[in-house]
Amino acid sequence: MFVFRKKDLKKLYDEDLLDSINLLKADWDQAQQTQAAIAEVDDQIIAQTELAKQKYEFMYRQARKRNIKNNHIQAGVYDY
């Protein structure tokens, strides 16, 4: 049986959070590119792009609350 220390678990969850943030940023970027590439943008495409943005922003705020600092989060996306 493995025994994890509190710091080990925090580090593990922080890394998972950063991975999720990076995936959500890629999804948001792809949604923006799709929206820009389509000639007739409908409400569903706009909603999907906004949803991807909101998911990314939520996770980004969670990382900020947890004081996660490293070079994994793209700098310059949001400056608080």
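We did not get these values from a lab; they are worked out from the coordinates using the rules stated. All values derive from a computational prediction rather than experimental measurement. Cβ: placed from backbone, ideal geometry, glycine included. Neighbour counts: every protein chain shown.
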Diffing the range 33-49: the Karplus 3J(HN,Hα) column from phi (6.51, -1.76, 1.60, θ = phi - 60°), in whole Hz with x for Gly and Pro, holds 5, 5, 4, 6, 7, 8, 6, 10, 7, 9, 5, 5, 5, 4, 5, 5, 5
Lysine pairs in the range 7-65 with Cα distance under 16 Å, only those 8 or more apart or on different chains: how many are there?
5
Could you work out the relative contact order of the range 7-65, using alpha carbon pairs under 8 angstrom and six or more residues apart, expressed as a whole percent?
47 percent
For an R0 of 41 angstrom, estimate the FRET efficiency from the Cβ-Cβ distance between K6 and D29 and round to the nearest 0.05.
0.75
Full-extension gain in nm, E40 to R64, via 0.36 nm per residue minus C-alpha separation:
5.0 nm
If you take the charge dipole of the range 7-65 about its Cα centre, with +1 on Lys and Arg Cβ and -1 on Asp and Glu Cβ, which of N22, Y60, A37 is farthest toward its positive end?
Y60
